[in-house]
Amino acid sequence: MRTKPSIKSLSLVWIAVAVSLSLWRYGIAGEPHSWDRLPHAVVLVQIPFPHPCENDGRLSAVVPVRDYLDAARLVLLQPERDPEVLVPQFHSAADPAVSYDGRHLLFAGKPSEADSWNIFELDLATREVRRITRDLGNCRQPNYLPRQFMLVAVAPPPQQAPSHPKPSGEAEIEGKFTFRSVDEAWTLISFVRELPDTRSEGSPIPITRLYSCRSDGTQVRRLTANLSRDFDPSVLPDGRIVYSAWRRSSLARGLNGWIDLLAVNTDGTDVMPMCGDGGRLSKRMAAAVPNGLLGKMVFVESDVTPWDGAGDLATVDLRRPLATYRPLKAEDDYVYHSPTYFAEGKVLVSRRPRDGHGSHALGVLRIADGDWTPLFDDPRYHDFYARIVAPQPEPDGRSSVVDDHDPLGTLYCLNVNINDLPKEQNIPAGLVRAVRILEGVPASENGGLEDWNTEATVLTGAVRRLLGEIPLYSDGSFQVKVPGGVPLEIQLIDERGMNLRSCGWIWAQNRFYQGCIGCHEDRELVPDNRMADALWEPAPTLAPPEGERRTCDFLHDVWPLLVKDCGGCHGPTGSHPPRLWQTPAEDSASQLRAAKEAFTSLMAPETPDWRDGKGRYVVPGHARLSPVIWHLVEKNTAGPWDGSSASKAPVLMNRPEGQYPPESLRTWMEWIDFGATWDATRVRALLAEASDKRRGDDPKKEN
């Protein structure tokens, strides 16, 4: 039997609706501020509160485990108007970026749940949507870039010698070409692209890198070449892109690595650090707050990354970012998210209670004292990633000589002996005899993370392939041509062939000359005004065919040596500690189990979290610091600049046969210096395939 609702019940319903609309329109009830007082509109992202991702466990110093912006929506706040949901036809819409004229909006979107993320542009006047990226997999976090002028190589007329350099700004290249600027400036956007079927170093999370393309989606170019994740890009007032880079090329800061702030030109050249070593392990969501030509950069930092990447706030000066790190004073009961420029000395930033018992609310924070004024909060949603919808100054245009058709780039260094390290950590001049160039190969989605049945003490990182070695000039300089746009590691080699010092993943864009002053030099100082010896001669090329770029891993290279040379003492029946494996290697299955046991034993860390990067027997990337090498050569190979390692006594082997075979020793040293990888089967298969293909090619075609 149906009854008519009472007047009292209807009144209660209308009161509830009115309260809900009040919260939606004015934010928290009773607050004196709202977006009605803003001089411009604001666009932000909303996801429901509470959100399923809030139950995810924490992952130290890395990106959140799941994509918490799936099914997000864009909301436009305009003064004196109700909030408007933009592009409601999309299943997911996030990552807003406003054009320099304030008339258009880039965003990442998924029209349906099954679609990949792609980049779209919304006309804010007509609400028309235009798709930009296609067939690139998941693409996120777009930004408008300043105009770019491409400098193209033009050959001189036939039978005419190249003219002498003129004050016109033309630059002669190897006596064959001159660079001239094309008439049309490119309008570019940048975005973050997820590489399918790859995983980051020591993690199942896919690799992401920065890319750019023209506004119509053509001329797609990779800008960064990290082997983990590059993300959270934004554009600085000088036109460069600042972004967060998850770095794990070494274990110097623990098993999970760290997230650093870097800046790169809009063509992917001259990557530079944007914050010193101070602060927390994870730095992300950087935003510039300009003040004329100066200003600050505000970012979120944390040692443990929660589901949404929120944390405390910190700043650096844009003029001296490596020397001006400062935590930002703010309320301790809250964590902050996605700061962005609001006005001079102020940022729009979202925050939520640190204990998770509340949603993100949007407010305005004063950088000088951390005072936060609430602006908008719909308690049904997390409100974050806010951007002001208004015209803003466009950075000056950039020119570029990068040519994606040229397979090579050039690396050079003026003097590897220049550095800003403490005196006691300086490597004496003359010890470096050669430069080794290693290529980093991205791990596949199903390669390298084997089922260990127990928690591995160290996850295998990227596989390194040897491109080659070149001698160092007497003044400490070198120059070398390398494959363009691939992850590279430079190692300084001593006379024994062991790595003395190395860098993180770097790259040289195609046809670009990527230079360094020294090795970990003071980046605020200019070098001496002199010509490096290496630059007087043509650069050698280290770009062997794919099938000739050899690698070294434990399973195929070191394990056979361990069984043959060490099994009698350190195997299942050995009498000398440590016993590296217990399983007798009788068939292929038991062989693999025994190899895993031996690898795990050798890779045991000195500290549980690998915070110092040192293992009990192996220091990945540093054979000279590894006690297993000391044991094989029967002396400590560390130098006085290596701190406490230099004073440790080696465990002598007392090998009855005499000196350990040099070729076997070299395999051990290369395995460790190449990163102490467990298994490079996939890379070896690619090498064999490339080698077979090369042998099968018609020699006439190669010429």
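The values are calculated or read from the model by the stated rules, or taken from the named source; none is laboratory data. Bear in mind the structure is a predicted one, so any value in this text is a computation, not a measurement. FYI the Cβ positions are ideal-geometry reconstructions off the backbone, even for glycines, and counts take in every protein chain you see. Keep in mind that these areas ignore ligands, DNA and RNA; they rest on the heavy atoms of the full protein, side chains included. Shrake-Rupley method; radii C 1.70, N 1.55, O 1.52, S 1.80 Å.
For the set Ile367, Ile388, solvent exposure ranked by accessible area (probe 1.4 Å, protein chains only) runs largest to smallest as Ile388, Ile367.
From most to least packed by mean Cβ count within 10 Å, the peptides 502-512, 429-439 give 502-512, 429-439.
Accessible surface comparison of Glu54, Glu128, Glu394, probe 1.4 Å, protein chains only, largest first: the order is Glu128, Glu394, Glu54.
Under 10 °C and 1.306 mPa s, how fast does region 539-636 diffuse according to Stokes-Einstein, given a Kirkwood radius computed over C-alpha pairs? Answer in µm²/s, whole number. Numbers along the way, then the final one.
Values: Rh = 15.2 Å.
After rounding, the answer is 104 µm²/s.
Per-atom-type breakdown for region 67-116 gives carbon and sulfur 43% of the accessible area (1.4 Å probe, protein chains only).
Normalised Debye scattering of region 221-277 at q = 0.15, 0.22, 0.29 Å⁻¹ gives log10 I(q)/I(0) of -0.42, -0.85, -1.28, counting only Cα atoms as equal scatterers and leaving out solvent.
For a quick protection proxy, order the peptides 72-78, 83-89 by their average other-Cβ count within 10 Å, most packed first. Display every interim value, and only then the final one.
Numbers: 72-78: 22.0, 83-89: 13.6.
Highest mean packing first, the order is 72-78, 83-89.
Of Glu548, Glu344, the residue with the largest accessible area leads and the full order is Glu344, Glu548 (1.4 Å probe). Shown is the FRET efficiency for Asn55 and Gln392, computed with R0 = 45 Å from the Cβ-Cβ distance and rounded to the nearest 0.05: 0.75.
Summarising the label geometry, the points placed 7 Å from Cα in the beta-carbon direction at Leu421 and Asn529 lie 3.1 nm from one another. When you count the other C-beta atoms within 10 angstrom of each residue and take the mean per peptide, 264-274, 353-363, 308-318, 417-427 line up highest first as 308-318, 264-274, 353-363, 417-427.
Which percent of the accessible heavy-atom area of region 628-676 goes to carbon and sulfur, probe 1.4 angstrom?
55 percent
Here the 3J(HN,Hα) profile of region 108-124, calculated from phi with Karplus coefficients 6.51, -1.76 and 1.60 at θ = phi - 60°, is 9, x, 10, x, 9, 4, 7, 6, 6, 5, 9, 9, 10, 10, 10, 7, 5 Hz, Gly and Pro shown as x. Taking all protein chains into account, the per residue accessible area for region 465-565 stands at 43 Å² (1.4 Å probe). Of the cross-linked pairs Lys423/Lys596; Lys283/Lys614; Lys481/Lys564; Lys296/Lys481, those separated by over 32 Å at the C-alpha level are Lys423/Lys596; Lys481/Lys564; Lys296/Lys481.
The Cα atoms of region 222-332 give a gyration tensor whose axes a ≥ b ≥ c have a/c of 1.5 or more with a/b no greater than b/c, which makes the shape oblate.
A cut-off of 5 Å between modelled amide H atoms, ignoring neighbours fewer than 5 places along the same chain, links Leu408 with Gly484, Arg511. Amide H contacts under 5 Å for Thr677: Phe554, restricted to partners 5 or more places along the chain or on a different chain, H placed in the peptide plane at 1.01 Å from N.
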